[in-house]
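Novice: Here it is, the structure in full.
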Amino acid sequence: MAGTPARKTNWFAIWTSVAVVAVVAVVIGAVVWMNNSATAPGEAPQASNINTETGAITFGDGPDTVATYVDFMCPYCNQFEQTEGETIKQLVDDGSVTLELHPVAILDRLSQGTEFSSRSAGAMYAIAAADPDNAYAFMQAMYANQPAESSPGLSDDEIIQIAKDAGVNVTDALAEDITSHKYVKFAQAQQLPEGATGTPSLAINGTLVPVTMNPQTDVIANLTGQ
């Protein structure tokens, strides 16, 4: 009786399957990497006045904490600065409060694809890290030169010029940080506080406060000992 013929191994099919599996694994890995890169916070600015965990830029050292969440494209943030900014700045200067400024980027959709909200927030972080003494003046100057919603916003060069005009020491390194968008991904990773629905958002000593554009109601009345 003849023996059973030996089964031939289809090595071509096996190696083809192995190759397909390898390619799929590479594709999956690339997709995971791209997704992680898109959501990663990016490089954080390293400076004593910047809390890299909360994204807060600190001004002053008063006992009460006033936290503001702003988008430089937001006209209501500009209105908030015009109506309440002077009071907050005075409280910072006289040692009553610590201001924690949170630049956020939630209005990129309103800058015709230029991501002005992200770029301006990234520039704010770059300037706060490089020249903290003039960072507040830069913030005020950005509002004074605020572009309209649904416009392209300001270019990087225009932002740099605003910084120079505000007294910021714009070194070559700082200009490079702004034009290379070094901190844009970090800015994009910042979030509004829990319970907030938009900008400007205001929290005093950790409690969210409705913004009425009245500094006496919004700020002064919520400070300890006032």
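The values are calculated or read from the model by the stated rules, or taken from the named source; none is laboratory data. What you are looking at is a predicted structure, and each value in this text was computed from that prediction instead of being measured. Note that each Cβ is placed from the backbone with ideal geometry, even for glycine, and that neighbours are counted across all protein chains shown. With ligands, DNA and RNA removed, areas are computed over all heavy atoms of the protein, side chains included. Shrake-Rupley method; radii C 1.70, N 1.55, O 1.52, S 1.80 Å.
Novice: With respect to the numbered conditions (1) open to solvent by 60 Å² or more (accessible area, probe 1.4 Å); (2) hydrophobic (A, V, I, L, M, F, W, C); (3) within 15 Å of PRO200 (Cα to Cα), which one is the sole condition not fulfilled by PHE72?
Specialist: Here PHE72 clears every test but (1).
Novice: Shifting gears a bit: Looking at region 34-54, can you tell me whether even one residue there is part of a helix (DSSP H, G or I) and either modelled with pLDDT of 95 or more or aliphatic (A, V, I, L, M) (or both)? First the steps, then the outcome.
Specialist: Filtering region 34-54 down to residues part of a helix (DSSP H, G or I) leaves 34-39.
The next check asks that each one be either modelled with pLDDT of 95 or more or aliphatic (A, V, I, L, M) (or both); those that pass are 34, 38.
Within region 34-54, one or more residues are part of a helix (DSSP H, G or I) and either modelled with pLDDT of 95 or more or aliphatic (A, V, I, L, M) (or both).
Novice: Here is a further query. Could you figure out which of (1) aliphatic (A, V, I, L, M); (2) closer than 25 Å to GLY95 by Cβ; (3) touching a residue at least 60 places away in the same chain (Cβ under 8 Å) isn't true of VAL184?
Specialist: (2)
Yes/no matrix, rows are residues, columns are (1) open to solvent by less than 10 Å² (accessible area, probe 1.4 Å); (2) free of Cβ contacts under 8 Å to residues at least 40 places away in the same chain; (3) closer than 25 Å to PRO63 by Cα; (4) over 17 Å from the mean Cα position of the chain (by Cα):
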{"residue": "GLU81", "(1), (2), (3), (4)": "no, no, yes, yes"}
{"residue": "GLU84", "(1), (2), (3), (4)": "yes, no, yes, yes"}
{"residue": "PRO103", "(1), (2), (3), (4)": "yes, no, yes, no"}
{"residue": "LEU110", "(1), (2), (3), (4)": "no, no, no, no"}
{"residue": "ALA128", "(1), (2), (3), (4)": "yes, no, yes, no"}
{"residue": "ALA137", "(1), (2), (3), (4)": "no, yes, yes, yes"}
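Novice: Within region 86-101, restricting attention to residues that are of a type in the set (A, V, I, L, M, F, W, C) and under 21 Å from the mean Cα position of the chain (by Cα), which residue is farthest from LYS185 (Cα to Cα)? Full working, then the answer.
Specialist: Taking region 86-101 and keeping what is of a type in the set (A, V, I, L, M, F, W, C), we get 88, 91-92, 97, 99, 101.
Now drop any that are not under 21 Å from the mean Cα position of the chain (by Cα), which leaves 99, 101.
Working: LEU99: 23, LEU101: 17 Å.
That would be LEU99.
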